[in-house]
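Structure first, commentary second.
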Amino acid sequence: MITTYITSLKTAFNPFQANSKVPRLFLNLLPAEAHKSIKISAKQFPRTSTAPATLELGLKDGKTLNYSWGTDAIKSTATTEQKVKRTSLQDIVEEVNRHARVLDRKAELSG
């Protein structure tokens, strides 16, 4: 995973819930030297908490990637119920790498 363009990482999760797996694994994927350059904020909820797990990534160009994993798989809206696509760890890593390659390409073209 390319972490050179990540500036901040905020996560909040209950480590005892299954839907907290992706934020925990994303923290594990960070290399040791990334902890020096990335502002990391991790909050753990108590065991009885039902709050959704969240992951927020801040990138150098100002873009923010927000992800959330709730306990239910169906999101109800005012008119209809729709399935919420579950975001996997691989999807997040691919998005971070893709964005890093775009920023690298912009820097290369600007000189």
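Structural remarks
- Tallying residues that are out of contact with any helix residue (DSSP H, G or I) (no Cβ under 9 Å at 6 or more places or on another chain), closer than 23 Å to HIS99 by Cα and open to solvent by 80 Å² or more (accessible area, probe 1.4 Å) within segment 1-31 yields 3.
- Residues located in segment 39-73, provided they are open to solvent by 70 Å² or more (accessible area, probe 1.4 Å) and outside any strand (DSSP E or B): PRO46, ARG47, THR48, THR50, LYS60, ASP61, LYS63, THR71, ASP72
- Residues of segment 1-36 that turn out to be touching a residue at least 12 places away in the same chain (Cβ under 8 Å), of a type outside the set (A, V, I, L, M, F, W, C) and under 21 Å from LEU59 (Cβ atoms), as a count: 9
The values are calculated or read from the model by the stated rules, or taken from the named source; none is laboratory data. All values reported here derive from a predicted model rather than from experimental measurement. Positions of Cβ are backbone-derived with ideal geometry, glycine not excepted, and every protein chain shown enters the neighbour counts. Surface areas here come from the heavy atoms of the whole protein model, side chains and all, with no ligands, DNA or RNA. Shrake-Rupley method; radii C 1.70, N 1.55, O 1.52, S 1.80 Å.
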